[in-house]
């Protein structure tokens with residue numbers, strides 16, 4: 001019980017500590033900035049939650065984010081309406097998710113290796129299609145997706161809440177969610193129980209890719225450009241958000257609320273480091289150390305339960 005509450009308690013403690021350490025932390029401008037900065041990782045991490053629960057992992061999400069953002073902005077540059085551009089970006093991400101799921105299941109290749117390979121392929125194709133140049137000619141109204149407000153709240157927060165609700169419903173109220181937990185806990189047992197492991201694993205990767213493509217469009221909206229180099233290192237942050245929030249890299253465990261808390265913990269760490277003048281290079285080291293620590297604690301817990 002204490003372990004489940006630990007991420008939430010950590011978030012509260014971090015919030016209080018930063019409120020005391022910096023007079024600028026509790027300003028509306030700064031809190032709004034935290035929400036906008038963490039939105040992209042939040043959306044990606046929600047998709048990663050499904051994948052990790054099902055016993056997989058996706059190292060290609062940063063490259064998929066760049067590919068989706070580029071495809072969507074290129075569509076708008078060529079005259080497609082904004083909603084169509086957003087759809088194209090998200091759909092492009094979903095296609096990469098299907099590819100990852102297909103390769104991991106049909107060819108029986110470890111998802112770590114599969115997504116490491118597709119990370120390089122997606123990043124390379126993004127640079128080839130764009131010639132390494134960003135897309136700038138996009139409608140100004142597109143900025144509302146990442147920088148606008150609705151009812152006094154950053155619009156991206158509404159997007160994150162909608163995505164979180166959708167993933168929660170999938171996990172708690174659909175067959176796909178139940179099967180994802182079963183596959184992640186014991187894929188062989190799931191197979192012999194009659195669960196279509198291949199189909200549902202691919203579906204999970206497809207949803208993860210869809211959300212990553214959407215995150216790519218949010219990132220493009222914030223930058224008001226389609227950057228072929230976007231998303232570098234984001235895979236580490238997405239995985240860290242899930243793990244910090246209580247997800248297990250062995251599969252079978254994870255939750256939407258835990259992932260959101262994990263993402264906001266990292267967002268507050270990053271924001272607090274900026275306010276306090278701490279090097280961003282140290283932030284990367286901290287994230288890596290936290291992943292190792294959390295996985296180690298999870299391993300100790302599993303050993304204790306197995307005794």
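Each reported figure results from applying straightforward, stated rules to the coordinates on display, with no laboratory input. Predicted, not measured: the structure shown is a model, and the values here were computed from it. Because the Cβ atoms are built from the backbone with ideal geometry, glycine has one as well, and the counts that use them run over all protein chains shown.
Its convex hull of Cα atoms gives the chain a direction-averaged projected area, equal to a quarter of the hull surface, of 16.4 nm². Once the chain from residue 199 to residue 33 is taken as fully extended at 0.36 nm per residue, the excess over their C-alpha distance is 55.8 nm. With Rh defined as the Kirkwood radius, the inverse of the mean 1/r over Cα pairs, the Rg/Rh of the stretch 143-294 is 1.01.
For the peptides 209-217, 274-282, the ranking by mean Cβ contacts within 10 Å, running from highest to lowest, is 209-217, 274-282. Each part reduced to its alpha carbon centroid, the stretch 149-191 and the stretch 75-100 end up 21 Å apart. Mean-square fluctuation check for the chain, GNM, Cα pairs under 10 Å: which of 195, 265, 286 is largest? Fluctuation is largest for 286. The alpha carbon centroids of the stretch 236-305 and the stretch 3-33 are separated by 16 Å. Relative contact order for the chain: what percent, with Cα pairs under 8 Å and sequence separation of 6 or more? The normalised contact order for the chain reaches 33 percent. Counting only DSSP H runs of at least 4 residues, each contributing -39500 (n - 2.57), and dividing by the residue count of the chain, the helix-based mean residue ellipticity at 222 nm comes to -25500 deg cm²/dmol.
Of the peptides 236-245, 112-121, the ranking by mean beta-carbon count within 10 Å, highest at the top, reads 236-245, 112-121.
Compactness check for the stretch 116-165: Cα Rg over 2.2 N^0.38 Å is 1.64.
Here the Debye sum runs over all C-alpha atoms of the stretch 69-125 as equal scatterers in vacuum, and log10 of I(q)/I(0) at q = 0.13, 0.27, 0.28 Å⁻¹ comes out as -0.41, -0.97, -1.01. Each label was represented as a point 7 Å from its Cα along the Cα-to-Cβ direction; for residue 158 and residue 192 these points are 5.1 nm apart.
Sorting the segments 137-149, 250-262, 18-30 by their residues' average number of neighbouring beta-carbon atoms within 10 angstrom, most packed first, yields 250-262, 137-149, 18-30. The distance between label points at residue 232 and residue 107 comes to 2.6 nm (points 7 Å beyond Cα on the Cα→Cβ vector).
Here the gap between residue 175 and residue 9, fully extended at 0.36 nm per residue and compared with their Cα-Cα distance, gives a gain of 56.6 nm.
Rg over Rh for the stretch 157-228 works out to 1.12, both radii taken from alpha-carbon positions and Rh defined as the Kirkwood radius.
A crude spin-label estimate for the pair residue 274 and residue 292, with each label 7 Å from Cα along the Cβ direction, gives 2.7 nm.
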